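**Q** Below you'll find the structure I mean.
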Amino acid sequence: MRHYLGLSEYHFRQKKQNLPQFYEPGRLINGHLLLAGMSGTGKSWQSMRWMESAAQAGLELDVFDVHDELDGIAGATACRYSQATGYGFNPLELDTDPHTGGVNRQVDYLLNLLKSVTRQLGSKQEACLRHLLQDTYAMSGIWPDNANSWQRDRINETQRRQMVEARQWSQLRQFYPTLDDLMSFGRRKLQVLVIGGDNKSVSALDQLQKAFRRLSGLQGRFARGGSDDEREKLQKQIEGAKTQCVGQYTEFVENMQSGRELDDVLKYDSVDVLTSAMQRLELLNAAGIFRANPPPFGDSKVRVHQLKSLTAEQQVMFVKLRLQAIFDRCKRAGATRSGTELRQVVFLDEGHKYFSKEPDDIINVIAKEARKFGLGLWCASQSPTEFPEAFLTNVGATALLGIHSRYWPDAQRMLRCSEDTLHYTKPKEVITVKFQREGQADPPWQNIIVPNPGNPAGVAAAGFR
Ligand SMILES: Nc1ncnc2c1ncn2[C@@H]1O[C@H](COP(=O)(O)OP(=O)(O)OP(=O)(O)O)[C@@H](O)[C@H]1O
Ligand SMILES: [Mg+2]
């Protein structure tokens, strides 16, 4: 692709020449891009044009739009995600690559994602969720150690509902399980723990755990001492609690049927842990974005995902799950011929908020490894200094649209630019770009006059196009 940026300011002012400047990712070390500027400096305006060039070049484009303002790109199809629209993607679909995909990887991925965006996922809840996920896959005949079982078809909510109503269980196994399957499986397990389902021994065991916790508490209090009276009272309570434990244990053993009753309890820990694990899933489900209801993009190559109605946490989870799927798809298509040409672009508005310090976070993986598969990561941001250094030093093109002088020292240090560079950047009139080319250790920053009907130089730049 080739995107017209404007005219070289140096040639325009010093030499009275019109020298057009282009963004050509194929000539850079990678197709990643950072567009940075404070509010009102034209990030959205520039981004739209940049993306229109990508669309015109026939690239696939996924735009993650947190302000619902980028749907005007020519030829784009937009989809709003909200509880009302109910569009979403099934997070249980698998990458089928035997080396990089599969059940365990997806389970780890989902758990890490949950951990990274929600507070305090305890180790017991995590273990419980892991078992729920693994068992839900197993119910569909999808096994961690058998890559042949990872291939299933995509199902949507309506299809699933119809098949469940018609009790077509064996046909359902042809499709990936969904969050609904996971939750109804979890609810069944919870039922078993609470009322024993059709098995009394399991509920007796849960009662035994409760009675034992009470006994331990009493013994702790006894050990801490107190008056003779208190200790005598505690001693009696301890005896009572012990008797209760023995009773529950007896009931557990007497009601055993399969001998495997303990398995479920060990896996799912306790009613409390399973309940709080289920609450996490409810949270995911409430967002709507993980319902098996793919948005109606059809075969549109330019897809605008409108995320304004979601919470910040939901936005991050949604984008990362999509990024993973997009990266998997690009990898399946194989390396590009030149190793630098672009096939697909992902545009992240407020891009800094998706980055983290974790090296295996999908966004860092894409920043590092996506070039050869033709995937470009384009980020617009008001806070360029909040990107990790690895991205800032590796990004193929950086465009500064105007940074507040308060952040100049940080920007100079992190973006390796001079104060002059920042000084000559004039919002909506002159942008400053750096193109990282092969074999060029520290390329210079260039000033470019951008098209703008509001000033004479801008008119010249617009006319040139
Ligand atoms: N080169 C330009 N020519 C004409 N108008 C422009 C140009 N660049 C930006 N504008 C206009 O300036 C206004 C602010 O630009 P824009 O909305 O792109 O800023 P922004 O950096 O995205 O701001 P925010 O961070 O608040 O979203 C808009 O009305 C936009 O149309
Ligand atoms: Mg904007």
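What follows draws every value from the coordinates through simple rules; no lab data is involved. Source: prediction; values computed, not measured. Every residue, glycine among them, receives a Cβ derived from its backbone with ideal geometry; neighbour counts consider all protein chains shown.
**Q** For the range 257-327, run through the trypsin sites (Lys or Arg not before Pro) and keep only the ones in DSSP coil with at most 11 other Cβ atoms within 10 Å of their Cβ. All intermediate terms of the calculation are to be shown ahead of the outcome.
**A** Details: sites: Arg260, Lys267, Arg280, Arg291, Lys301, Arg303, Lys308, Lys320, Arg322; in loops: Arg260, Arg291, Lys301, Lys308.
Filter output for the range 257-327: Arg260.
**Q** I want the antiparallel fraction of DSSP beta bridges within the chain, as a percent rounded to 5. Kindly include the intermediate steps, with their values, before the conclusion.
**A** Numbers: 16 of 45 bridges.
Counting only bridges with both partners in the chain, antiparallel ones make up about 35 percent.
**Q** In addition: Measure of size requested: the Rg and Dmax of the range 291-360, with Cα atoms as the atom set and Å as the unit; please supply both.
**A** 14.0, 40
**Q** Let me understand the range 323-436 better: what is its radius of gyration from the alpha carbons, and its Dmax, in angstrom?
**A** Expressed in Å, the Cα Rg and Dmax of the range 323-436 come to 15.2, 45.
**Q** How large is the helix-only mean residue ellipticity at 222 nm for the chain, computed as the sum of -39500 (n - 2.57) over DSSP H runs with n ≥ 4, divided by its residue count, in deg cm²/dmol to the nearest 500?
**A** Working: 17 runs with 214 residues, N = 465.
Result for the chain: -14500 deg cm²/dmol, rounded to the nearest 500.
**Q** For the range 68-146, would you read off the P(r) tail past 16 Å as a percentage of all alpha carbon pairs? Could you put the intermediate results ahead of the total?
**A** On the way: 1972 of 3081 pairs.
Every Cα pair in the range 68-146 considered, those over 16 Å come to 64 percent.
**Q** Largest first and to the nearest Å, give the Cα extent of the range 204-271 along each principal axis.
**A** The principal-axis extents, from largest down, are 48, 21, 14 Å.
**Q** DSSP loop trypsin sites (Lys or Arg not before Pro) in the range 1-108 with at most 15 other Cβ atoms within 10 Å of their Cβ, which ones? Intermediate values should be presented prior to the final figure.
**A** Working: sites: Arg2, Arg13, Lys15, Lys16, Arg27, Lys43, Arg49, Arg80, Arg105; in loops: Arg2, Lys15, Lys16.
Answer by residue number: Arg2, Lys15, Lys16.
**Q** Taking the Cα atoms only, what angle lies between the long axis of helix 271-286 and the longest principal axis of the chain, rounded to 10 degrees?
**A** 30 degrees
**Q** Compute the acute angle (0 to 90°) between the alpha-carbon long axis of helix 123-139 and the principal axis of greatest extent of the alpha-carbon atoms of the chain; round to the nearest 10°.
**A** So the inclination is approximately 90 degrees.
**Q** Are there trypsin sites (Lys or Arg not before Pro) in the range 344-427 that DSSP puts in a loop and that have at most 16 other Cβ atoms within 10 Å, and which ones? It would help to have the intermediate numbers written out before the result.
**A** Details: sites: Lys353, Lys357, Lys368, Arg371, Lys372, Arg406, Arg413, Arg416; in loops: Lys357, Arg416.
Answer by residue number: Lys357, Arg416.
**Q** Additional query: Give me the angle, in degrees from 0 to 90, between the Cα long axis of helix 103-117 and the longest principal axis of the Cα atoms of the chain, rounded to the nearest 10.
**A** 80 degrees
**Q** Okay, next question. Cα-Cα pairs above 17 Å in the range 157-242: how many percent?
**A** Values: 2408 of 3655 pairs.
In whole percent, the share of Cα-Cα pairs in the range 157-242 beyond 17 Å is 66.
**Q** Counting each pair of different Cα atoms once, what's the Kirkwood radius of the chain in Å, rounded to one decimal?
**A** Values: mean 1/r = 0.0389 Å⁻¹.
For the chain, the Kirkwood estimate is 25.7 Å.
**Q** Another question about this same structure. If contacts are Cα pairs under 8 angstrom and at least 6 residues apart, what is the relative contact order of the chain in percent?
**A** Working: 764 pairs, mean separation 134.9, N = 465.
Contact order relative to length: 29 percent.
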